[in-house]
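Read through the structure below, which is laid out as structure tokens, and then see the notes.
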Amino acid sequence: MNSVHLIGNVGNDPVLYGEGTTKRVARVSLATTERGFTKKDGTAIPDRTEWHTIVFFGSICQVIEKYVKTGARIAVEGSIHYSKWEDPEKGTKYSTEIWCSNMELLDSKKSESESPAPVQQYKTPEEEQPLPF
């Protein structure tokens with residue numbers, strides 16, 4: 001089973017591609033942190049932050065565009081996807097992305113002019129599953 005569940009803070013405003021509602025794609029960076037601790041022998045283990053590229057597809061991109069901004073705390077569910085390509089100047093390149101199937105807004109940060117999201121949990125409908133590219 002290829003399943004990922006992450007909770008973290010968005011590191012950049014979403015980057016959106018495509019048109020309409022079903023052919024849209026949004027990308028954000030998500031920071032997750034494992035808290036540090038001190039071992040019994042006194043050795044300090046520091047916090048460790050990992051960065052993940054999260055990709056959203058279809059109508060959920062409207063929610064991402066409107067409510068997800070730098071610093072927002074979100075939970076995502078999805079699957080891991082690996083890519084490999086050749087860069088003529090730098091050789092073989094690799095990337096790892098989380099293709100999101102479910103997202104939940106965890107904080108209610110908003111400006112005075114915005115109203116809060118009417119629903120806090122958003123799923124990607126089956127007919128809008130990730131585009132094969």
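Here Asp13 fulfils each of the conditions (1) assigned to a strand (DSSP E or B); (2) touching a Ser or Thr at 6+ places or on another chain (Cβ under 9 Å) apart from (1). Just to be sure, is Thr32 β-branched (Val, Ile, Thr), open to solvent by less than 70 Å² (accessible area, probe 1.4 Å) and closer than 17 Å to Glu104 by Cβ? When the stated conditions are applied, Thr32 passes them. Annotation: Thr38 fulfils all but one of (1) modelled with pLDDT under 95; (2) surrounded by 15 or more Cβ atoms within 10 Å (Cβ to Cβ); (3) hydroxyl-bearing (Ser, Thr, Tyr); the unmet one is (2).
The set of residues from the range 62-80 being open to solvent by less than 60 Å² (accessible area, probe 1.4 Å) and either closer than 16 Å to Asn2 by Cβ or in contact with a Gly (Cβ under 8 Å, 6 or more places away or on another chain) (or both) comprises Ile74, Val76, Gly78, Ser79, Ile80.
To keep it simple, each residue is scored yes or no on (1) within 18 Å of the chain's Cα centre (by Cα); (2) over 14 Å from Cys100 (Cβ atoms); (3) basic (Lys, Arg); (4) not in a strand (DSSP E or B).
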site: Gly20; (1), (2), (3), (4): no, yes, no, yes
site: Val28; (1), (2), (3), (4): yes, no, no, no
site: Ala31; (1), (2), (3), (4): yes, yes, no, no
site: Glu50; (1), (2), (3), (4): yes, yes, no, no
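Among residues of the range 101-126 being at pLDDT 90 or above, out of contact with any Asp or Glu (no Cβ under 7 Å at 6 or more places or on another chain) and in a strand (DSSP E or B), the one that is most open to solvent (accessible area, probe 1.4 Å) is Glu104. Filter the range 52-73 for residues that are basic (Lys, Arg) and not in a strand (DSSP E or B) and give the result. Lys66, Lys69 - these are the residues of the range 52-73 that are basic (Lys, Arg) and not in a strand (DSSP E or B). Against the list (1) at pLDDT below 95; (2) within 13 Å of the chain's Cα centre (by Cα), the condition Ser79 fails is (1).
As for the range 4-22, it holds at least one residue that is open to solvent by 50 Å² or more (accessible area, probe 1.4 Å), touching a residue at least 40 places away in the same chain (Cβ under 8 Å) and hydroxyl-bearing (Ser, Thr, Tyr).
The values are calculated or read from the model by the stated rules, or taken from the named source; none is laboratory data. Bear in mind that the values here come from a model prediction, so they are computed numbers and not experimental data. Please note: Cβ atoms are built from the backbone with ideal geometry, for glycine as well, and neighbour counts cover all protein chains shown. These accessible areas exclude ligands, DNA and RNA; they are computed on the full protein's heavy atoms, side chains included. Shrake-Rupley method; radii C 1.70, N 1.55, O 1.52, S 1.80 Å.
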